[in-house]
Every structure is written in structure tokens, then in C-alpha cells.
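Q: Input: one structure, supplied below.
The values are calculated or read from the model by the stated rules, or taken from the named source; none is laboratory data. What you are looking at is a predicted structure, and each value in this text was computed from that prediction instead of being measured. Please note: Cβ atoms are built from the backbone with ideal geometry, for glycine as well, and neighbour counts cover all protein chains shown.
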Amino acid sequence: MSIKLDYSTTAKCGVESVWQAFSEVERWPEWSNLFSGATWIEGEPWARGSKLLLEVAQPSAKVKAAVSEVAAPQQAIWTGSVMGVTITHSFKFIPQADETTLMQSNIELSGPATFFINNDMKKKGLEQFAQWFEAMKSQAEKVAAERKFA
């Protein structure tokens, strides 16, 4: 059994600004209470095979995620496991004709422990993730505005 959680939003800036905000993983906890920490622990940041330690705040958990695919500034995929759940998380940043960027997130949870994830947990998890993704979008728009006025 697998669980899929999808979220998308549109940033009012170019894909390079979105990627810049996304790639600053150490700053992710500043933008959301979803993460209490995010640190590269192996390899070059956002290189295939590099590893990221994500410290989730609630419920408290540490996820070691390995980057399986990256095509900066438009796509990244990582996979990690925690408490019997394998998480595959893909991000796509798609430039739009109006100079905005469609930001898509697709999370797939699989493994035996997914049986214990109920609808309330899915809803709360997606809400926390959406708040982080929206905050990252705001940061990307701020970066773009600063570049424009520099």
C-alpha cells in the first residue's frame, strides 16, 4: 500500500529564484515549524547520491534522505525511510509563459507502517508541508524582488 500526497502553488518569479530558495536547505527550519533541522551530511549539495538529514519537528523524527535525481533548477527527487515508512519526495519547478513558476511537490509514502497513517495524519502532514512550501515560495519571490532592485 502506498499513500500519495500532492501539493502545488505558483511563485511570482522565475525558476532560478525558486531553486535558490529551495536549495538553501539549512534555512528550511526558518520558514516552517515542520523542520527543526536540515543539513547535508554526505556529498555535494543537490548532487545525485548526496545525503540530507531532515529533522522533522512533529512527530519528532530524523530522516536520512538520498538524492536520486536532480536537474537544477527544475527538478529534484530524494528518498528516505523512517519508522517503517519509505518516503519518495519529488519536486518540480516549471517555468510558465507569464514569468511565474509552477511549484509541484509529490510525496509517496510506502512500506508496512503506512497502514497506521490515518486520514487525520495525512491531512495534518499535508497542511504542515503546504505551509513550508508556501513559505519557500515567499522566500523565492523575495529573492527575485531583491535581484530586480539590485
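Q: Select from the range 35-51 the residues that are in a loop (DSSP other than H, G, I, E, B) and either crowded, with 16+ Cβ neighbours inside 10 Å or in contact (Cβ under 8 Å) with a residue 40 or more places away in the chain (or both) and list them in ascending order.
A: Within the range 35-51, Trp46, Ser50 meet the criteria.
Q: State whether one or more residues within the range 64-79 are surrounded by 14 or more Cβ atoms within 10 Å (Cβ to Cβ) and charged (D, E, K, R).
A: Yes, that holds for at least one residue.
Q: In this structure, is Leu5 within 21 Å of Leu126 (Cα to Cα), touching a Lys or Arg at 6+ places or on another chain (Cβ under 7 Å) and in contact (Cβ under 8 Å) with a residue 40 or more places away in the chain?
A: yes
Q: Residues being surrounded by fewer than 18 Cβ atoms within 10 Å (Cβ to Cβ) and either within 12 Å of the chain's Cα centre (by Cα) or closer than 15 Å to Glu16 by Cβ (or both): count how many of those fall in the range 89-99.
A: Residues flagged as surrounded by fewer than 18 Cβ atoms within 10 Å (Cβ to Cβ) and either within 12 Å of the chain's Cα centre (by Cα) or closer than 15 Å to Glu16 by Cβ (or both) within the range 89-99 amount to 6.
Q: Spot the failing condition for Leu54; the list is (1) of a type in the set (A, V, I, L, M, F, W, C); (2) modelled with pLDDT of 95 or more; (3) assigned to a strand (DSSP E or B); (4) in contact with a Phe, Trp or Tyr (Cβ under 7 Å, 6 or more places away or on another chain), and only one is missed.
A: Every listed condition holds for Leu54 apart from (2).
Q: Continuing with the same structure: Mind listing whichever residues of the range 54-73 are of a type in the set (Gly, Ala, Ser), farther than 18 Å from Trp19 by Cβ and within 14 Å of the chain's Cα centre (by Cα)?
A: Across the range 54-73, the qualifying residue is only Ala66.
Q: Also, I was wondering about something else. Sort out which residues of the range 12-34 are surrounded by fewer than 20 Cβ atoms within 10 Å (Cβ to Cβ), under 22 Å from Gly125 (Cβ atoms) and not aliphatic (A, V, I, L, M), and write them in order of number.
A: Arg27, Pro29, Glu30, Trp31, Ser32, Asn33
Q: Sticking with this structure for a sec: So which pairs qualify, if the first residue must be in the range 109-137 and farther than 20 Å from Ala65 by Cα, the second must be modelled with pLDDT under 90 and in a helix (DSSP H, G or I), the Cβ gap must be under 6 Å, and the two must be at least 6 apart or on different chains?
A: That search, which allows pairs on different chains as well, returns Ala135/Trp31.
Q: Working carefully through the options Ala65, Ala61, Ala72, find the one that is out of contact with any helix residue (DSSP H, G or I) (no Cβ under 9 Å at 6 or more places or on another chain), at pLDDT 90 or above and of a type in the set (A, V, I, L, M, F, W, C).
A: Exactly one residue qualifies, and that residue is Ala65.
Q: Here's something else I'd like to know. Testing Lys92 on (1) assigned to a strand (DSSP E or B); (2) among the basic types (Lys, Arg); (3) touching a residue at least 40 places away in the same chain (Cβ under 8 Å), one condition comes back false. Which one is that?
A: Unmet condition: (3).
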